[in-house]
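A short worksheet on the structure shown next.
Please treat every number below as a calculation from the coordinates, not as lab data. Since the model is a prediction, treat every value here as computed from it, not as a measurement. As a convention, Cβ positions derive from the backbone with ideal geometry for all residues, glycine included, and neighbour counts pool all protein chains shown.
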Amino acid sequence: AAYVPESHGRGLMPDRFLDFKKQRFRWAYGAMQIMKRHAGTLFLGVKHADYWAALAPIAPAAFLLEPASLEPVKDSMPIILVHGAADELVPVDLARRWAEWMSANGVEHKYLEVADASHGPIIEAGMADIFAFFAEHRKGE
């Protein structure tokens, strides 16, 4: 996308550069889904649940969070949890514990554990599944 200092449309077209930046930010980081590596996804997903349609924590280092922290959103927030079984930084048992809690508490979720993926490569390995999950869980649908 590029900014042109002339208006070529009406309605929702940004007229100023600042408006253009705001619009691009909303499109790129909009209030529909949150996908982030680390435990921030779980924390922010619960704290600002009205912004998101689904969560996708990837190898979440949720050492200081308990799975029960999902209690406020367990009936309304679908979650895809992606973790590599060969993760050298965040033990896969941590993700398994979260997945077990979600299963036991009726959270709509998908747990994807990729056998040979370590902490870095898990992002690429899980991306297709994450996008498919997001496509199935849109805000307002």
Next item on the list: Using the Cα centre as the reference, give the magnitude of the dipole from point charges on the C-beta atoms of the range 50-141 (Lys, Arg: +1; Asp, Glu: -1; all else neutral), rounded to the nearest 20 debye.
Entry: 140
Check: Karplus couplings for the range 124-137 from phi (6.51 cos²θ - 1.76 cosθ + 1.60, θ = phi - 60°), rounded to Hz, Gly and Pro as x?
Finding: 5, 5, x, 4, 4, 5, 5, 5, 5, 4, 4, 5, 7, 10
Note to self: I need two numbers for the range 42-108: Rg to one decimal and Dmax as a whole number, Cα atoms only, in Å.
What the structure shows: 11.4, 34
Next item on the list: When you have a sec, figure out the Kirkwood radius of the range 86-141 from all distinct Cα pair distances and drop it here in Å to one decimal?
Entry: 12.7
